[in-house]
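The next block holds one structure in the form of structure tokens; read it before the comments.
The values are calculated or read from the model by the stated rules, or taken from the named source; none is laboratory data. Computed from a prediction, not measured in an experiment: that's the story for all the values here. Glycine gets a Cβ as well: all are built from the backbone with ideal geometry, and neighbour counts include every protein chain shown. When the accessible area is computed, the model is the full protein with side chains, heavy atoms only, and any ligands, DNA or RNA have been set aside. Shrake-Rupley method; radii C 1.70, N 1.55, O 1.52, S 1.80 Å.
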4 protein chains.
Amino acid sequence: MNTPPHVLVALITAFDAGGEIALDDHAHNVAHLVERGISGLLIGGSTGEGPYLEPGERTILVSRARQVAGNEAYIVGATAAQSTRLARGQIFEIAEGGADAALVLTPTSLIRGNHAAVHQFFAEVADASPIPILMYSVPRVTGYELPVAVIAALAGHPNVIGLKDSGGRPYRMQEVARSVDPAFFQFAGASAAIASSIAGGGYGSITASTNYLPEQIDRLVTMARNGDRELESRQVAVTTITKVVEAHGVVGTKAAAVISGMRSARVRRPLMQLDQAAFEEIRRVVPRTA
Amino acid sequence: MNTPPHVLVALITAFDAGGEIALDDHAHNVAHLVERGISGLLIGGSTGEGPYLEPGERTILVSRARQVAGNEAYIVGATAAQSTRLARGQIFEIAEGGADAALVLTPTSLIRGNHAAVHQFFAEVADASPIPILMYSVPRVTGYELPVAVIAALAGHPNVIGLKDSGGRPYRMQEVARSVDPAFFQFAGASAAIASSIAGGGYGSITASTNYLPEQIDRLVTMARNGDRELESRQVAVTTITKVVEAHGVVGTKAAAVISGMRSARVRRPLMQLDQAAFEEIRRVVPRTA
Amino acid sequence: MNTPPHVLVALITAFDAGGEIALDDHAHNVAHLVERGISGLLIGGSTGEGPYLEPGERTILVSRARQVAGNEAYIVGATAAQSTRLARGQIFEIAEGGADAALVLTPTSLIRGNHAAVHQFFAEVADASPIPILMYSVPRVTGYELPVAVIAALAGHPNVIGLKDSGGRPYRMQEVARSVDPAFFQFAGASAAIASSIAGGGYGSITASTNYLPEQIDRLVTMARNGDRELESRQVAVTTITKVVEAHGVVGTKAAAVISGMRSARVRRPLMQLDQAAFEEIRRVVPRTA
Amino acid sequence: MNTPPHVLVALITAFDAGGEIALDDHAHNVAHLVERGISGLLIGGSTGEGPYLEPGERTILVSRARQVAGNEAYIVGATAAQSTRLARGQIFEIAEGGADAALVLTPTSLIRGNHAAVHQFFAEVADASPIPILMYSVPRVTGYELPVAVIAALAGHPNVIGLKDSGGRPYRMQEVARSVDPAFFQFAGASAAIASSIAGGGYGSITASTNYLPEQIDRLVTMARNGDRELESRQVAVTTITKVVEAHGVVGTKAAAVISGMRSARVRRPLMQLDQAAFEEIRRVVPRTA
């Protein structure tokens, strides 16, 4: 397997006036970005109007990009399917075009909110895929955010190599980062959250903005990756503790405060006292004052 | 006006078994945190069960904290009122106790979603307040997030000195930072987002976790503040552009890409072509390829 | 205990130019509505700016209304408190004014989404209240809808006599109606849903519109109550079955169809086959074709 | 154009163990329902796993249903496409199979929240369609509810004959009913809301439950349609007024109350007084006391 670069563009798809793919313009666009230093290409993501692509078009777009960008480029094709069968079919199109990996859109429609079915979808698609896959969480498009627990469980699948998270909430990356192998590739999909996402454990970015700000995004990612690793590890250490405590709201905070040397864990009603199991869970993570 | 420290604790409120304030425990808690280096205290925030505090209690809690912590401490009292009258009354209680500033909870109930009324509320409260105020956005408690535009407009009020944002989305801070005076104090309220919030322009933190992790939060804030300023300014430069472009979705991205040297801004239906005004707005911010 | 009438007005609260209660206007308003045939009054609900009322005002408003409307009127006072203590205090004010019952606002703030704490709140408030209480679900104000399961559990409390549901979704009433005693009073709080709510098992209405459309609302409620009882019972019979089936989405529907004589319960992935327990649950409610 | 019956089934799609269409089972299912009195069939809706259907399958399913059910049956085929092109293509498949009409799923993905683009989508699809279309609003599947204003605007298109609304909120039907031609066909899609939807102006139902409760749904719809028309018209008259008033919240209610003979339209801050235009709008609809 090739290693993806830290910056991929969520490439636009060129159409002509009749709504057909404009293949020469597509080739121009790929060449233009490669010349500007971008060696990673996502084809048919939401910026590429993936939900509007038709049977056969993914193969054409990927293979032409491969032809123009050469074997050095890292090319990912995206699915936009609701059923396992259709997702598999789109991945075969993408693989046939010569892509390195596939980005798989989180299904919603008939299974909206059914996390077990979402998990099964990704697992079966990954089992069947001839190329590695990344998961794709994009709440603005789907009205649904892929839960961290589902991401963490699927990150262990040998054919699932990463995630594009376009939700723009960087501490999700941090949460994922804590529960997956360091080799799992987390990409920020929201331009405004690139620096903070990478600080939170992200590997790089796949954004629409790389179409028109390629050098700027490249420099931003590079700088964020070479940033202060100590800061990041301190934030992770704090979040690891606060997530446990804050799962119990104010009541959890008061218990932690008493463990830490303060007084009075009592709350006004209707807040409810912690049960013993929750108290023990908090006691295990909160440092005591010497 | 005193300048607030970079770290404030969202202090718990000590109660006895009957639900009355346990004033000696409260004094102990203040002393305990001051000894551990915390010189900023928020009293009666949501961690302090502010919505459950009763008339008179804010004065008692603030004045006892002042007595214990001395004049060097920076003390903020929080309101939890829905009407302008009640908020004003709570601020007078807070001021009477000797606080340096008041943190004012965003009202919802009868004006949920009515941004103009929310704006008027803060403006009138600030006009009437004998001490400076900070705005408080806390979606987990109110089910509502104070809009950036409202924050930016109110930041110009001479008696509004800052914001506590507990939403945990750091690029909101970045957006605010771009439109306010550098002296406006933005505090992160979500522990998991401290480092990224400060990287995005935040001044410091006011969190529940400072009750039980005072040294850790203090070190984290200090480190984040001394972090890589160049990274931050690059991220701001990128976000400034992408927010303009992405307000128009895929269509905006394709326009920006063409301005930048790529080809074909055409989209498949039902996406709609940009009007001329939107195109010009994008053209003004997107750099052209030489 | 008096029996409430089928129509109550969610009375506005009269204020003067300085924001103080205008008690003579309040008396006029009560007299005006009583003359127009309205014998039920809710005081200090959200239409009565309840979240803006101050200590002591509930007693004044209720007692003046009692004085004007006489003992024949049914008067309910509303709380708008977040803590159990404050709710109890407001109920004592309401009872002192001479109200027949109290309408208790669902708390959110520090327990948003914590159904167990919401349940405890209502139970403890009902235990302590000297007068019967009704629960108040009003998502537009609180950003939270009181779950049907919590309503059903509390409906068994001897001091909880009813519910005002302003969410405007009539089949919630139907769901509640199926699991509570027929003597439980469900009031529609949304004017647009009066007829359908009563068809779904509602007892009457408590709406803001009764301030300015008293005769119209009275006639509408009367007519809906005397409507076609057979229609209602058929709808209830259908919903009882479909709720069980549709809890499992398309998969549940296919199982029910096969039980009923159709063929092929197989689904495309990522839909997941039913487990045996769910299948049995559906088999118990779906009629088989002869 | 044929007139649709008042009851259509949202037919399940029969699959075999390999996930292929089980055409004989499909024929059995159609025959089974026709024998039980159902003459309206929706094929490929969400219950029919429409988002999982593949190119060519809609034609096969519709034409086999036509063959079995005969020309007396009213057959609707559903699309599940995001782009205008793909929706058009699916409609041609549906028409080729011999359907009377097409049910067109509301697109979201790249235009989530962009009402103008949603409007354009339906208008262009209707222009191009060889058969009449119905709009399909199904928030549980799409995470988006088609706005009443968009429905009302499109109801005037000569090729748009109706709506299936699966949101389960009956007064939406009432709002639509007031602004469209009486010949516009509104179908309830939520089983629990059939009676109340028809009371609110609905024409009939298209539900999943008709697969396993065909006689029950048929009787329920018949009874609701023959129900109390005076009740319905009174509810409509009330809602027409309250929607105008309540658009301005408590402030609107107080203005209406004063117009109607009560006293004091003043509100506590941060509620804001009405401007003159809003006051006039309310004055036009609220009846004055003689």
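From the P(r) of the range D:57-138, could you give the percentage of C-alpha pairs in the tail past 18 Å?
Of all Cα-Cα distances in the range D:57-138, 38 percent exceed 18 Å.
Ranked by accessible surface with a 1.4 Å probe, highest first, in what order do A:243, D:254 come?
I get A:243, D:254, largest accessible area first.
Only helical DSSP H runs with n ≥ 4 go in: add -39500 (n - 2.57) per run for chain A, normalise by residue count and round the 222 nm mean residue ellipticity to 500 deg cm²/dmol.
Per the formula, -13500 deg cm²/dmol.
For the range D:48-102, give the percent of accessible area contributed by carbon and sulfur heavy atoms, probe 1.4 Å, rounded to a whole number.
It is 47 percent, rounded to a whole number.
With the label 7 angstrom out along Cα to Cβ, how close does residue A:35 come to the same site in each of the other copies, in nm, nearest first?
In ascending order, 6.9, 7.1, 8.5 nm.
How much length would be gained if the chain were fully extended between residue A:96 and residue A:31, taking 0.36 nm per residue of separation minus their Cα-Cα distance, in nm to one decimal?
Details: separation 65, 0.36 × 65 = 23.40 nm, distance 2.11 nm.
Taking residue A:96 through residue A:31 to full extension adds about 21.3 nm, to one decimal.
With just the Cα atoms of the range A:148-259, tell me how far they stretch along each of the three principal axes, in Å, largest first.
Principal extents (largest minus smallest coordinate, Cα): 52, 30, 22 Å.
Quick one: net charge around residue D:257, please, counting Lys, Arg +1 and Asp, Glu -1 for every other residue with C-beta under 11 Å from its C-beta.
Details: positive: D:254, D:263; negative: C:25.
Summing Lys/Arg as +1 and Asp/Glu as -1 gives +1.
Inside 10 Å of the C-beta atoms of B:12-20, what's the mean count of C-beta atoms belonging to other chains?
Average neighbour count from other chains, rounded to a whole number: 5.
For chain B, report the % of Cα-Cα distances exceeding 35 Å.
Details: 10940 of 41905 pairs.
I get 26 percent for the Cα pairs in chain B exceeding 35 Å.
Can you work out the Karplus-derived ³J(HN,Hα) for every residue in the range C:253-264? Use 6.51 cos²θ - 1.76 cosθ + 1.60 with θ = phi - 60°, whole Hz, and x for glycine or proline.
Result, ordered by residue: 4, 5, 4, 4, 5, 5, 4, 7, x, 8, 10, 6 Hz.
Across peptide A:243-249, how many C-beta atoms of other chains are within 10 Å of each residue C-beta, on average?
4
If contacts are Cα pairs under 8 angstrom and at least 6 residues apart, what is the relative contact order of the range D:39-92 in percent? Before the final figure, lay out each step's value.
Working: 52 pairs, mean separation 25.3, N = 54.
Result for the range D:39-92 is 47 percent.
Which chain D residue puts its Cβ closest to the axis that rotates D onto A, and at what distance in whole Å?
D:143, 1
Note down the nm distance, to one decimal, between modelled labels 7 Å out along Cα→Cβ at residue B:288 and at residue D:247.
Taking the simple label geometry, residue B:288 and residue D:247 are separated by 4.6 nm.
Does a label point 7 Å from the Cα of residue D:72, set along Cα-to-beta-carbon, have any residues of the range D:34-55 with amide nitrogen under 12 Å, and which are they?
It comes to D:34-40, nothing else.
Place the peptides A:179-188, B:276-285 in order of packing, highest mean first, counting for every residue the other Cβ atoms within 10 Å and averaging per peptide.
Output ranking for A:179-188, B:276-285: A:179-188, B:276-285.
To the nearest hundred square angstrom, how large is the accessible surface buried between C and D, total for both chains, probe 1.4 angstrom?
Rounded to the nearest hundred, the buried surface is 6300 Å².
In the neighborhood of residue C:173, defined by Cβ-to-Cβ distances under 12 Å, what is the net charge if each Lys or Arg adds +1 and each Asp or Glu adds -1?
Overall, the nearby charge balance is +1.
At 1.4 Å probe size, with no ligands or nucleic acids counted, give the accessible surface of residue A:225 in Å², nearest ten.
Spelled out: residue A:225, probe radius 1.4 Å, area about 80 Å².
In Å, what Kirkwood hydrodynamic radius results for the range B:1-97 from the alpha-carbon pair distances?
In the range B:1-97 this quantity evaluates to 13.4 Å.
Rounded to the nearest 5, what % of the DSSP beta bridges within chain D are antiparallel ones? Don't skip to the answer; put the middle values down first.
Working: 1 of 29 bridges.
Restricted to chain D, the bridges split so that about 5 percent are antiparallel.
Keeping all protein chains in position, work out how much accessible area residue D:272 exposes to a 1.4 Å probe, and write it in Å² to the nearest 10.
Using a 1.4 Å probe on the heavy atoms, I get roughly 70 Å².
Amide H neighbours of residue D:103 under 5 Å, at least 5 residues apart or on other chains, H built in the peptide plane: list them.
Here D:77, D:78, D:79, D:134 satisfy the definition.
Quick check: at a probe of 1.4 Å, how many percent of the accessible area of the range C:113-247 sits on carbon and sulfur atoms?
Solvent-exposed carbon and sulfur of the range C:113-247 make up 53 percent of the total.
Report residue D:28's accessible area, 1.4 Å probe, all protein chains in place, as a number in Å² to the nearest 10.
Spelled out: residue D:28, probe radius 1.4 Å, area about 50 Å².
Counting only C-alpha contacts under 8 Å and six or more residues apart, can you give the relative contact order of chain D as a whole percent? Spell out each step's value before the answer.
Values: 500 pairs, mean separation 40.3, N = 290.
Relative contact order, chain D: 14 percent.
Among the listed pairs B:243/D:254; A:164/C:254; A:243/D:164; A:254/B:164, give every one whose C-alpha distance is greater than 32 Å. Provide the component values of the computation, followed by the final result.
On the way: B:243/D:254 41 Å; A:164/C:254 35 Å; A:243/D:164 44 Å; A:254/B:164 21 Å.
The pairs that break the limit, which is 32 Å between Cα atoms, are B:243/D:254; A:164/C:254; A:243/D:164.
Shortest first and in nm with one decimal, please list how far the residue D:182 label point sits from its counterparts in the other copies (point 7 Å along Cα→Cβ).
Computed spacing set for this position: 3.8, 7.2, 7.6 nm.
Residue by residue through the range D:92-104, which ³J(HN,Hα) values in whole Hz follow from phi under the Karplus form 6.51 cos²θ - 1.76 cosθ + 1.60 (θ = phi - 60°), with glycine and proline marked x?
Working through the residues one at a time gives 4, 4, 5, 5, 4, x, x, 6, 7, 7, 10, 9, 10 Hz.
Given a Förster distance of 25 angstrom, what is the FRET efficiency for residue C:222 paired with residue C:178, based on the Cβ-Cβ distance and rounded to 0.05?
Numbers: r = 24 Å, r/R0 = 0.97.
With a Förster radius of 25 Å, E is 0.55.
Only bridges whose two residues both fall in the range B:111-256 count here: according to DSSP, what percent of them are antiparallel, nearest 5?
Here the antiparallel bridges make up roughly 0 percent for the range B:111-256.
Give the accessible surface of chain B per residue, rounded to a whole number of Å², with probe radius 1.4 Å and ligands, DNA and RNA excluded.
Accessible surface, normalised per residue, equals 34 Å².
Apply the a/c threshold of 1.5 to the C-alpha gyration tensor of the range D:115-189 and tell me whether it is rounded, prolate or oblate.
Values: a/c = 1.61, a/b = 1.22, b/c = 1.32.
Verdict is oblate for the range D:115-189.
Which percentage, to the nearest 5, of the DSSP beta bridges contained in the protein assembly as shown is antiparallel? Mind dumping the intermediate values first?
Details: 4 of 117 bridges.
Counting only bridges with both partners in the protein assembly as shown, antiparallel ones make up about 5 percent.
Just to check I understand the Karplus step: with θ = phi - 60° and J = 6.51 cos²θ - 1.76 cosθ + 1.60, what whole-Hz values come out for the range C:199-209, glycine and proline as x?
Using θ = phi - 60°, the values come out as 4, x, x, x, 8, x, 9, 10, 10, 5, 5 Hz.
On average over all directions, what projected area in square nanometres does the protein assembly as shown have, based on the convex hull of its Cα atoms?
Hull-based average projected area comes out at 43.1 nm².
Using alpha carbon centroids, what distance separates the range B:155-210 and the range A:67-120, in Å?
Spelled out, the Cα-based centre of one part sits 38 Å from the other.
To the nearest whole number, what is the average tally of beta carbon atoms from other chains within 10 Å of the beta carbons of peptide B:140-153?
Across B:140-153, the average partner-chain Cβ count within 10 Å equals 2.
In degrees, nearest 10, range 0 to 90: what is the angle between the Cα axis of helix A:276-285 and the longest Cα principal axis of chain A?
It works out to around 70 degrees.
Quick one: net charge around residue D:100, please, counting Lys, Arg +1 and Asp, Glu -1 for every other residue with C-beta under 12 Å from its C-beta. Could you put the intermediate results ahead of the total?
Details: positive: D:66; negative: D:72.
Once positives and negatives cancel, what remains is 0.
Which angle between 0 and 90 degrees, to the nearest 10, do you get for helix B:57-69 versus the longest principal axis of chain B when only C-alpha atoms count?
80 degrees
From the label point of residue A:16, set 7 Å from Cα along Cα→Cβ, how far away are the matching label points in the other copies, in nm, ordered shortest to longest?
Output for residue A:16: 4.1, 7.9, 8.6 nm, nearest copy listed first.
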